[in-house]
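Here is the structure we will look at, set down as structure tokens.
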Amino acid sequence: MEQAGLAAATHDVSLWALFMQAGFIVKLVMLGLLGASVWTWAIVIDKYISFAKARRQFSQFEQVFWSGQSLEELYRSLAERNNSGLAAIFVAAMREWKKSFERGARSPIGLQMRIDRAMDVTMAREAESFEARLGSLATIGSAGPFIGLFGTVVGIMTSFQAIAGSKSTNLAVVAPGIAEALLATAIGLVAAIPAVIAFNKFSGEAAKLSSRMEGFADEFSGILSRQIDEKLQPRQAAE
């Protein structure tokens, strides 16, 4: 009894000691989950910065667009830049507008369809950039606990083998192995919980930005539709 108590007292149960004492498979699970946790936080930081930048750019462009500046002047100022968000949609629509009129567009319906298609393609590309790497968060959030549980099962099996080998159910024999196994589950939750929260938050942010792009595209399509009528109707009447 005294030896068992001494073993329990001197056994190192710090997190580092539990990791070092774990089996190869459990160590591999822990390292994989720690790597997933680091990747999760890297995505979180990157998305937080990129979404904040996108919201700021959206607001700045809307302010300039609705300030009364002519569309031609705004297009010339943006045409040679590497645009994103609302600016990219505006430039894509104006580029198609100018190309069509340079080629002598005659059909208002065809021109409107080409402009709308150009904006739709740009919106899809921008939405895809907003949703990039969110799938990784979803995967880590859903798979992390189960991977940690796998490490736990393997660790507990190892503990039972140790019990069978020592032919003792003393707590000093069982506790370290159980602790190592549960540490894998804890690391799995540490990786999964932030991933799930971040995925839900950034998915909502991406949906809001996509909605703003769709709203702007609809408004701008209406503006161009009126200008198409103003430009093509006199030409058609003259013919």
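The values are calculated or read from the model by the stated rules, or taken from the named source; none is laboratory data. Predicted model only: the values in this text are computed from it and were never measured. Glycine gets a Cβ as well: all are built from the backbone with ideal geometry, and neighbour counts include every protein chain shown. All accessible areas refer to the heavy atoms of the entire protein, side chains included, with ligands and DNA or RNA removed. Shrake-Rupley method; radii C 1.70, N 1.55, O 1.52, S 1.80 Å.
Odds and ends about this structure:
- Looking across segment 78-95, the residues that are crowded, with 19+ Cβ neighbours inside 10 Å and farther than 16 Å from residue 54 by Cα come down to 91, 92, 93, 94.
- Any hit, segment 51-65, residues being in contact (Cβ under 8 Å) with a residue 24 or more places away in the chain, open to solvent by 60 Å² or more (accessible area, probe 1.4 Å) and of a type in the set (A, V, I, L, M, F, W, C): no
- Qualifying residue in segment 153-164 (condition: of a type outside the set (Val, Ile, Thr), surrounded by 17 or more Cβ atoms within 10 Å (Cβ to Cβ) and either modelled with pLDDT of 85 or more or assigned to a helix (DSSP H, G or I) (or both)): yes
- Residues of segment 134-146 that turn out to be farther than 13 Å from residue 37 by Cα and buried (at least 17 other Cβ atoms within 10 Å of the Cβ), as a count: 1
- Restricting attention to segment 21-39 and to residues that are open to solvent by 40 Å² or more (accessible area, probe 1.4 Å) and of a type in the set (A, V, I, L, M, F, W, C), the residue that is nearest to residue 204 (Cα to Cα) turns out to be 39.
This table checks each residue for (1) touching a strand residue (DSSP E or B) at 6+ places or on another chain (Cβ under 9 Å); (2) closer than 16 Å to residue 205 by Cα; (3) of a type in the set (Phe, Trp, Tyr).
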residue	(1), (2), (3)
41	no, no, yes
48	no, yes, yes
88	no, no, no
100	no, no, no
107	no, no, no
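- Some residue of segment 218-233 being under 30 Å from residue 44 (Cα atoms) and either in contact with a Leu (Cβ under 6 Å, 6 or more places away or on another chain) or modelled with pLDDT of 90 or more (or both): no
Let's see how each residue does on (1) without any contact (Cβ under 8 Å) to a residue 60 or more places away in the chain; (2) under 15 Å from the mean Cα position of the chain (by Cα); (3) within 27 Å of residue 62 (Cβ to Cβ):
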residue	(1), (2), (3)
87	yes, no, yes
122	yes, no, yes
133	no, yes, yes
136	no, yes, no
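- Pair list, Cβ < 9 Å and 6+ apart or interchain, from segment 192-215 residues that are among the charged types (D, E, K, R) and open to solvent by 70 Å² or more (accessible area, probe 1.4 Å) to residues that are modelled with pLDDT under 95 and not in a helix (DSSP H, G or I): 212/85
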